[in-house]
Structures are given as C-alpha cells and as structure tokens.
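What follows is a short report on a single structure.
The values are calculated or read from the model by the stated rules, or taken from the named source; none is laboratory data. Please read all numbers here as calculations on a predicted model, not as lab measurements. Cβ placement follows ideal geometry from the backbone for every residue including glycine, while neighbour counts extend to all protein chains displayed. All accessible areas refer to the heavy atoms of the entire protein, side chains included, with ligands and DNA or RNA removed. Shrake-Rupley method; radii C 1.70, N 1.55, O 1.52, S 1.80 Å.
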Amino acid sequence: SPFRSRPRRPAPEGLSPAEEAVGRWAAGSRCGKSSRPGTPAMEKALAVPRLPPHDPGTPALSVVDMHTGGEPLRIVLAGCPEVAGPTLLAKRRYMRQHLDHLRRRLMFEPRGHRDMYGAVLVPSELPEAHLGVLFLHNEGYSSMCGHAVLALGRFALDFGLVPPPPAGVREARVNIHCPCGLVAAFVECEGGRSRGRVRFHSVPAFALATDLLVDVPGRGKMVVDIAYGGAFYAFVSAERLGLDICSAKTRDLVDAASAVTEAVKAQFKISHPESEDLSFLYGTIVTDGKDTYSEEPTTNICVFADEQVDRSPTGSGVTARIALQYHKGLLELNQTRAFKSSTTGSVFTGMAVREAKCGDFKAVIVEVAGQAHYTGTASFIVEDDDPLKDGFLLK
C-alpha cells in the first residue's frame, strides 16, 4: 500500500501486532520509574503492555487521536479489513455497505461520542496521491473534511507516509486523495518532523445558489446561500434565526441549523456537476453575517451529519464560505480572512488563491490553514458477549 513506507520489526513472541504497537507507544511515553511504588509482582505483570481479554477473531483497532482547533480526528492505524473497490468513491460505498459496524465501534459510545470524527487510510488509484482517506462521522461518510486534512498532513509526515523534504526545506507536500478529489497539504517541518501550522489547497469550490428563499418550519421564510467546498453547506446568519452567534447556547444554534438543513433538503435539489456521490447537503453553517472583507475574524458554527457540532471553524466550510464571498465580489484573490469557531474560539485562515472551473460553475481554489495536535493513542477491542460492542448514541 502507498501509505506504508516504513518497515516494521516483527512483534515479540506472544504479542499481536496491535499489542506490540501499543508497547512502542507506551515505551515512548515513559519517564523513568513510576512515582507510585508497586510490588515486584505488580511491576512484572505490568512491564509488558498487552491487550485485555477479547474476541480473538476480531482484530484490535489501533488508532492515533488528534484534534484540529478542538475538532477530534481518530486515525485508524491497524485492524481494519481491506476496503475493496477500484476507486476511492467505490471504497467509500463498500465501507458503507460492508464495514459500517467499524465506523459505529470507533465513533459511537462507549469508545467515542456523538461528535467524534474518524479517518480510515486506504490506497488511492491516483498515481500522484500519497494516500487515500475515507472520513467517518456519526451518520456516515463525508466527501471532504478540512480539519482532518490539516491533521493528516502532520500525521503523514511524522509516520513516514511521505518522504521528508531535503535538508533546509521547511515545508513538506502531502497529496491526500479525499472522496471529493485530490487535496494538497503543505506541512511546516524541521528535521523531517512536523512543526507548526499546516495549509491545504482545496478542490474547486463554488457557489451553488445565492439568496435562496427557504420556508423553515417554525421559523418562517428566510434567505440562505448554498456553496461547495468539497461538501455542500447551507449558510445563514444567526441574526436571521433570531440568535447571537457569540452568546447563544450551542443547543439553540444546533436546533436552528438542523431545521435549516432539513428545509433545504426538502425544498432544493443538490447536484454536483461531476459526481452523484457528492450531490448531498452535508449541513448548515450559521455565521455572524460579516461576509464583507475585514481583517477581523468572522465567527461561525457548523452543524453537520446527525446534528454533529464542529469544534473547529470547519475547513471545508471555510473553503465554501470563501468561494461564496468571492462569488459575491466581497473578496479578492489572495486576501486572507480569519474564521473563528463560536464553540472553542479556534481560528483558521482562508483565501482564494486562483480561479478554476467545476463543470459549468466558476470556481476558486482555496487555501485553508490551521494547526493540529496529537492527543494520544489507543487500541480498541471487542468481547464477543458484549451486547453494546458495536456502539450506541444518546439523543
């Protein structure tokens, strides 16, 4: 596979590859002897990391966890069966039809939560791609995820999925094949390891519909815009919903955004000019309405999938919002705007770097930048008598 360039040493006798991986991670995090004394028997028992009792017929799922601006990303390292299909979109369909239990195990409680996000790395059919990725969330499989691309840029460099740049070069390029197309990430680095921010160049982004009048049950008729940044979003200002983006309760924003999403789905047909697989509304982004260019950050919240709340400013949402502002003449090429999450205060920057086409739509390539961080590693198992082994969600 194109994303396994580092040879791995064989696991010690008696340990599975997943257990051996956990041991490497644990060894890397130890800082001398424990500050809490234990008996020699306890120290001996805990000296070799191993998995607890589990179904031997179900491989452990080993993951690395990261976050970008507060939005989580769980990257599957090992334990996922082969995802079949000649193309990335075919693999996405295969995973939905045949391996969806793995998405539920990783995203849902008790191993995750309703706002967890994940990534399964797969081979790409594109020769220029370093890796392909399938995005997981609480409802299914996304076509694009900007916060994940920012995190995967770091991950790909640090885990040897791409060669380090030559000495003295401070940025590494990582070509990531997303379901929406090829996205180029640029990773700040030093000595072959990631350092600092990551930026990416999007697929062609465009405005699908502007000033669309939608009847939202319980809220009346309101004007929304729809734009594409690797996924389709509806955009509406919080003021039109009778809310303040900075002071409203998250639950109130979620309810309002979800109502808009359902209304748009019912009253407007979403169509991508090049692929039916991409022709769906991913969610609604509620904004502060400050679309005219300013050096001050503009604030928004993205509610997508099954009322999932993005903790970051939303990378694909920033892409779509930049395309919308450029379409309306509110933004010029290479003008950088800052986008702030109303939930965490984290900030991404975005700018339209060049014009493009997507079918008959005038589009732009958008650069989005942000910073991702590692949060940990884990190895998830299944006991065959666990009635909740495939996960659950609370409403």
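When you look at Thr314, is it within 19 Å of the chain's Cα centre (by Cα) and either buried (at least 24 other Cβ atoms within 10 Å of the Cβ) or of a type outside the set (A, V, I, L, M) (or both), yes or no?
yes
For Gln308, state whether it is over 25 Å from Ala352 (Cα atoms), of a type in the set (S, T, N, Q) and within 24 Å of the chain's Cα centre (by Cα).
Yes: the conditions hold for Gln308.
Any residue in the stretch 56-80 that's on the phi > 0 side of the Ramachandran plot: show its pairings with residues that are part of a loop (DSSP other than H, G, I, E, B) and open to solvent by 30 Å² or more (accessible area, probe 1.4 Å) at Cβ separation under 8 Å, as long as the two are six or more apart or on different chains.
Gly69/Arg311; Gly69/Thr344; Gly69/Gln371; Gly70/Arg311; Gly70/Thr343; Gly70/Thr344; Gly79/Pro59
Answer with yes or no whether Leu393 is in contact (Cβ under 8 Å) with a residue 40 or more places away in the chain and under 30 Å from Ser247 (Cα atoms).
yes
Check the stretch 176-189 and report whether any residue there is open to solvent by less than 10 Å² (accessible area, probe 1.4 Å), in contact with a Cys (Cβ under 7 Å, 6 or more places away or on another chain), touching a residue at least 24 places away in the same chain (Cβ under 8 Å) and under 19 Å from Gly317 (Cα atoms).
Within the stretch 176-189, not a single residue is open to solvent by less than 10 Å² (accessible area, probe 1.4 Å), in contact with a Cys (Cβ under 7 Å, 6 or more places away or on another chain), touching a residue at least 24 places away in the same chain (Cβ under 8 Å) and under 19 Å from Gly317 (Cα atoms).
Okay, residues lined up against (1) of a type in the set (Gly, Ala, Ser); (2) touching a strand residue (DSSP E or B) at 6+ places or on another chain (Cβ under 9 Å); (3) over 27 Å from Lys249 (Cα atoms):
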residue: Val260; (1), (2), (3): no, yes, no
residue: Val264; (1), (2), (3): no, yes, no
residue: Pro273; (1), (2), (3): no, yes, yes
residue: Asp277; (1), (2), (3): no, no, yes
residue: Glu296; (1), (2), (3): no, yes, no
residue: Ser312; (1), (2), (3): yes, yes, no
residue: Ser316; (1), (2), (3): yes, yes, no
residue: Ile322; (1), (2), (3): no, yes, no
residue: Lys328; (1), (2), (3): no, yes, yes
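Collect the residues in the stretch 229-249 that are of a type in the set (Ser, Thr, Tyr) and in contact with a Leu (Cβ under 6 Å, 6 or more places away or on another chain), keeping them in residue-number order.
none
Give the residues of the stretch 155-170 that are open to solvent by 20 Å² or more (accessible area, probe 1.4 Å) and among the aromatic types (Phe, Trp, Tyr), sorted by residue number.
Phe159, the sole residue that qualifies.
Restricting attention to the stretch 344-364, which residues are farther than 14 Å from Pro297 by Cβ, assigned to a loop (DSSP other than H, G, I, E, B) and open to solvent by less than 60 Å² (accessible area, probe 1.4 Å)?
The answer is Gly359, and nothing else.
To keep it simple, each residue is scored yes or no on (1) at pLDDT below 95; (2) among the charged types (D, E, K, R); (3) open to solvent by less than 60 Å² (accessible area, probe 1.4 Å).
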site	(1), (2), (3)
Gln335	no, no, yes
Ala338	no, no, yes
Ser342	no, no, yes
Val366	no, no, yes
Glu383	no, yes, no
Asp386	no, yes, yes
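Only one residue in Ala263, Ala234, Ala257, Ala205 is open to solvent by less than 10 Å² (accessible area, probe 1.4 Å), modelled with pLDDT of 95 or more and either among the hydroxyl-bearing types (Ser, Thr, Tyr) or out of contact with any Ser or Thr (no Cβ under 8 Å at 6 or more places or on another chain) (or both). Which one?
Exactly one residue qualifies, and that residue is Ala263.
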